[in-house]
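Enquirer: The structure under discussion is supplied below as structure tokens; questions concerning it will follow.
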Amino acid sequence: MYSMPIKVEEAIRKKLGHRCLEYIHEYIKDLFVEKPNKALLDNIMLLKKIFHNKIRSSIIFLLAQATLPVCGLISILDKEQTLISHNLSELKKCGIIEEQKVGKYRFYKLNKEKLRKILNDIISILD
């Protein structure tokens, strides 16, 4: 998930020269870090898009409990149909929810495996 380890002191020296190293050398002399790769950054940005507002977060919370029709989400969240539909559409684009038509109704289900994978990938950087 990461790139090659980078020695912090060398990166600073290369970019800024010696001007700040005299003060921080003892703190960073043996420090290595790894830049995140594109996949990890994409997952972080996807997570931001998924949870960036209360409506999407509420929809995810509800769909984690049950597969629900749009009319159920509208009623439970007490929001306009257009607002719920817009947020469902955005979550569907992210691959976090799945849609199933039953007659003239649309039911939505949380793709828990995909959401779990995204969260685990991000959590793995904390280990």
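Enquirer: Sorted from largest to smallest, which semi-axis lengths in Å does the alpha carbon gyration tensor of segment 40-122 give for its equivalent ellipsoid, taking the root of 5 times each eigenvalue?
Expert: 22, 13, 10
Enquirer: Which entries in the list LYS15/LYS35; LYS29/LYS117; LYS38/LYS92; LYS7/LYS38 go over 27 Å, if you measure between the two C-alpha atoms of each?
Expert: LYS29/LYS117
Enquirer: A further question follows. Charges on Cβ only, +1 for Lys and Arg, -1 for Asp and Glu, centred on the Cα centroid of segment 50-127; of SER75, ILE59, ASN120, which one is farthest towards the dipole's positive end?
Expert: Result: SER75, furthest along the dipole toward the positive end.
Enquirer: Another question about this same structure. Compare the Cα positions of ILE44, LEU16, MET4 along the charge dipole of the chain (+1 at Cβ of Lys, Arg; -1 at Cβ of Asp, Glu; about the Cα centre) and return the one farthest towards the positive end.
Expert: After comparing all options, I get ILE44.
Enquirer: Which value, in debye to the nearest 20, describes the size of the charge dipole of the chain about its Cα centre when Lys and Arg Cβ atoms bear +1, Asp and Glu Cβ atoms bear -1, and nothing else is charged?
Expert: With only Lys, Arg, Asp and Glu charged at Cβ, the dipole is about 500 debye.
Enquirer: Right, here's the next one. To make sure I understand the rule: partners must be aspartates and glutamates, Cα under 13 Å from the Cα of LYS48, and not fewer than 8 residues away in the same chain. Which ones qualify?
Expert: Filter leaves GLU90.
Enquirer: For segment 40-46, just list the computed ³J(HN,Hα) in residue order, Karplus coefficients 6.51, -1.76 and 1.60, θ = phi - 60°, integers in Hz, with x standing in for Gly and Pro.
Expert: 5, 4, 4, 5, 5, 5, 5
Read the figures in this text as sums done on the coordinates, not as results from a lab. Source: prediction; values computed, not measured. A quick note on method: Cβ atoms are made from the backbone with ideal geometry, for glycine too, and the neighbour counts reach across all protein chains shown.
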